[in-house]
Ligand SMILES: *Cc1c(COP(=O)(O)O)cnc(C)c1O
């Protein structure tokens, strides 16, 4: 290691810290928790509590933040996806809760627009549900969704995320699903900031919404939020926390520790008071710094992009033009990832430097190393 601090706990394991310019990705550790969150978790670790009671109390904080009837801290957004699908199949029928993942006698089809398929959607199928796709390629029309309903439809899923296609849009999806008496469940894992999104989709009429806790919210990496309609949320509690039942529910392998629950609600409460504009400005100023350092290289076009949804905050995007004769984007990423310190940036045919997790001063190291790698 040259510049970067190597925490003793990682050094003992021989695991190097990395500079994360790739966003809140799971593979690099999500986000960093603020000291207040860590202190709260430390405090929580010092006492035993009734976990049902703790979950209900934390759930109320989540519900308030999301403007929903009820909330729950989950073991990440993917765990919340499992619970959403399970809840739409079982309702509050305890016999059904015990029966999962065998869905005999239950409606078990989750409709999902083909253009929103993603690497996490298998979580909807964990409790025994089946995803039924609608739409043609990257587009969909309302009649495609209409035609997908059967007597076994239990939910319509909707995914919002970077470069995920909107299809017919959430509003239209809700209108059509509700006309069929079917709930809409939303995966909005990485859609905070903006803070308004916590309540936006519920306000639009979504029945259940899930967020990652360890991305923009800055909670524990293995925590998340689920919020929604009372009857479905009661079902989510049954599927994860029916601690008195002889048979644990489908959510049992996704339990959340008391420390993580407390860390999550603390991070959420802190986030509600965060100056988002100042936070985004700090990303923009790092983005401008890197873009300026990369100016004037033949064959490269460097643009600061900040498209809502697709780009996670203002970031320099490096496009490789026809005249470019240097190393490919993949080669450059590899050089950075094999260097010291290790740097991870994003992109496929482009390179993007996502600033959400870049610590103060690291933008200089990134610019130096990018300039070297580009030569
Ligand atoms: C990150 C992500 C998930 C998984 O969230 P976890 O909190 O890591 O479980 C699910 N869906 C989408 C769209 C994501 O971006």
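Among the conditions (1) in contact (Cβ under 8 Å) with a residue 60 or more places away in the chain; (2) more than 23 Å from residue 26 (Cβ to Cβ); (3) part of a helix (DSSP H, G or I), residue 95 misses just one, which is (1).
Apart from one condition, residue 162 fits all of (1) more than 12 Å from the ligand (Cβ to nearest atom); (2) surrounded by fewer than 22 Cβ atoms within 10 Å (Cβ to Cβ); (3) assigned to a loop (DSSP other than H, G, I, E, B); the exception is (1).
Taking region 59-77 as the range and being buried (at least 23 other Cβ atoms within 10 Å of the Cβ) and either away from the ligand (no atom under 16 Å from the Cβ) or assigned to a helix (DSSP H, G or I) (or both) as the test, the residues that pass are 59, 62, 66, 68, 77. If you filter region 178-201 down to residues that are part of a helix (DSSP H, G or I) and free of Cβ contacts under 8 Å to residues at least 40 places away in the same chain, you find that the one that is farthest from the ligand (Cβ to nearest atom) is 179.
In the set 146, 133, only one residue is in the same structural domain as residue 266 (by TED's automatic domain parsing), more than 16 Å from the ligand (Cβ to nearest atom), farther than 14 Å from residue 81 by Cβ and in a strand (DSSP E or B); that residue is 133. You will find that of 173, 104, 90, the residue that is more than 29 Å from residue 246 (Cα to Cα) and either assigned by TED's automatic domain parsing to the domain that holds residue 263 or within 16 Å of the ligand (Cβ to nearest atom) (or both) is 173 and no other.
Quick one: is residue 181 in contact with a helix residue (DSSP H, G or I) (Cβ under 7 Å, 6 or more places away or on another chain), at pLDDT 95 or above, in the same structural domain as residue 114 (by TED's automatic domain parsing) and at positive phi? No, not satisfied.
Here is a yes/no grid of residues against (1) in the same structural domain as residue 291 (by TED's automatic domain parsing); (2) loosely packed, with under 13 Cβ neighbours inside 10 Å; (3) within 21 Å of residue 26 (Cα to Cα):
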site: 319; (1), (2), (3): yes, no, no
site: 324; (1), (2), (3): yes, no, no
site: 335; (1), (2), (3): yes, no, no
site: 340; (1), (2), (3): yes, yes, no
site: 358; (1), (2), (3): yes, no, yes
site: 370; (1), (2), (3): yes, no, no
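Mind listing just one residue for me: the one in region 78-87 that is under 18 Å from residue 257 (Cβ atoms) and touching a helix residue (DSSP H, G or I) at 6+ places or on another chain (Cβ under 7 Å) and, of those, nearest to the ligand (Cβ to nearest atom)? Looking at the filtered set, the residue picked out is 78. Among the criteria (1) assigned to a loop (DSSP other than H, G, I, E, B); (2) surrounded by 13 or more Cβ atoms within 10 Å (Cβ to Cβ), the one residue 261 does not fulfil is (1).
For the criterion of being in a helix (DSSP H, G or I) and within 20 Å of residue 361 (Cα to Cα), residue 331 fails.
The values are calculated or read from the model by the stated rules, or taken from the named source; none is laboratory data. These figures come from a predicted structure and were not determined experimentally. Methodologically, a virtual Cβ is constructed for each residue, glycine included, from the backbone with ideal geometry; neighbour enumeration extends over all protein chains shown.
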